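This report refers to the structure that appears directly beneath it.
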Amino acid sequence: MKNLSRDIKRIILCVIAGVVFSLNIRTFVHTGGLLPGGFAGVTLLLQQVSEQFFHFKLPYGPIYILMNLFPIVLSYRKIGKKYTVYSCITIGLIAVLTDLIPPNIITQDVLLISVFGGIINGLATMLCLNAGATSGGTDFIAIFISERFKVDAWNYILIFNAIVLICDGFLFGWDKALYSIIFQFVSTQVLSARYKRYKKDTLFIITDHPQEIAKVINEKTGHGATEIDVLGTYQETPRRMIYSVINAEELRSVLRDIAEIDPKAFVNVMRTDRLMGRFYMRPND
């Protein structure tokens, strides 16, 4: 029953994300003539090229699905089967709804479109990732790189997006291409700030209940802990310190459990930028 409830929640988040992506493309992105990141931007660029130079407009859905075929196969084989299936829900909705939803103008201020469209795009992407899925394309590739090499790969996707924007600038002018950079930068920063799967925190915990806290860290996160003898110099009191590194997304829950076990515990949390050695990552499925 618990797994069924979690699967339903994941499906709902994927559906919401697909609808939000499509609405964002047909409102902010379409009005501003911008290119979002990834294969969505490539698809829109191909539509512009076909309309401008060949005088016919390609449908969004078939191109978007065709471009995602290889990343879908890569994800299914290397990332996770459920992960890929849920991602396909979002990809399918984007492909269908983007062609069906009529254009809607909210504002014609391109700077406002770039900022708020980027925020919405980043939040929609975060919904997918929190559901254990993605919107497809370069997101699949970024997840694969992150899983394989244990690095945060989102900013590296900007290089691919920059190439697309350079092509757009040469073909259709640099104004919209530069505004698209703002759109993509805002989207990436929203995602980087809010999505914490590949971020890590180090805990230093001074406590009188080291074994109980080490146990709850292991049960909650799958990570071990190191118990160290320390000396409190203020009262010359022998104490025990627990040292552990956990995923940042698990921090709030762990701190809550520590407070329940030992309300007097002293906890120092430090962001960990680089880590060597074995570090457990929960599978996407």
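The values are calculated or read from the model by the stated rules, or taken from the named source; none is laboratory data. Keep in mind the model is a prediction, meaning the values are calculated, not measured. Here the Cβ positions follow ideal geometry from the backbone for every residue, glycine too, while neighbour counts run over all protein chains shown.
Mind listing just one residue for me: the one in segment 143-169 that is over 19 Å from Leu35 (Cα atoms) and within 12 Å of the chain's Cα centre (by Cα) and, of those, modelled with the lowest pLDDT?
Asp152
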> Which numbered condition trips up Gly92, out of (1) in contact with a helix residue (DSSP H, G or I) (Cβ under 7 Å, 6 or more places away or on another chain); (2) at pLDDT 90 or above?
Replying inline: (1)
> In segment 218-261, what residues are among the β-branched types (Val, Ile, Thr) and farther than 14 Å from Lys200 by Cα?
Replying inline: Thr226, Ile228, Val230, Thr233, Thr237, Ile242, Ile258, Ile261
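Please give the strands (runs of 3 or more DSSP E) falling wholly within segment 214-285 in which 1 or more residues are at pLDDT below 80.
Hits in segment 214-285: 266-272.
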>> Looking at segment 124-142 only, could you name the residues that are assigned to a helix (DSSP H, G or I) and either small (Gly, Ala, Ser) or modelled with pLDDT of 90 or more (or both)?
In response: Ala124, Ala142
> Just for segment 101-140: of the residues that are among the polar types (S, T, N, Q) and within 19 Å of Pro71 (Cβ to Cβ), which one is surrounded by the fewest Cβ atoms within 10 Å (Cβ to Cβ)?
Replying inline: Thr138
> Looking at this structure, is Ser75 of a type in the set (Gly, Ala, Ser) and farther than 20 Å from Ile120 by Cα?
Replying inline: yes
> Across segment 188-209, what is the number of residues that are buried (at least 19 other Cβ atoms within 10 Å of the Cβ), modelled with pLDDT of 85 or more and farther than 18 Å from Asp273 by Cβ?
Replying inline: 2
> Which of the residues spanning segment 79-100 are buried (at least 16 other Cβ atoms within 10 Å of the Cβ) and closer than 17 Å to Leu35 by Cα?
Replying inline: Ile94, Ala95, Thr98
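Each row is one residue, and each column tells you yes or no for (1) out of contact with any Cys (no Cβ under 8 Å at 6 or more places or on another chain); (2) assigned by TED's automatic domain parsing to the domain that holds Gly92; (3) of a type in the set (A, V, I, L, M); (4) closer than 11 Å to Thr98 by Cα.
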| residue | (1), (2), (3), (4) |
| --- | --- |
| Lys9 | yes, yes, no, no |
| Val19 | yes, yes, yes, yes |
| Arg26 | yes, yes, no, yes |
| Gly33 | yes, yes, no, no |
| Gly38 | yes, yes, no, no |
| Val42 | yes, yes, yes, no |
| Leu45 | no, yes, yes, no |
| Gln48 | yes, yes, no, no |
| Phe53 | yes, yes, no, no |
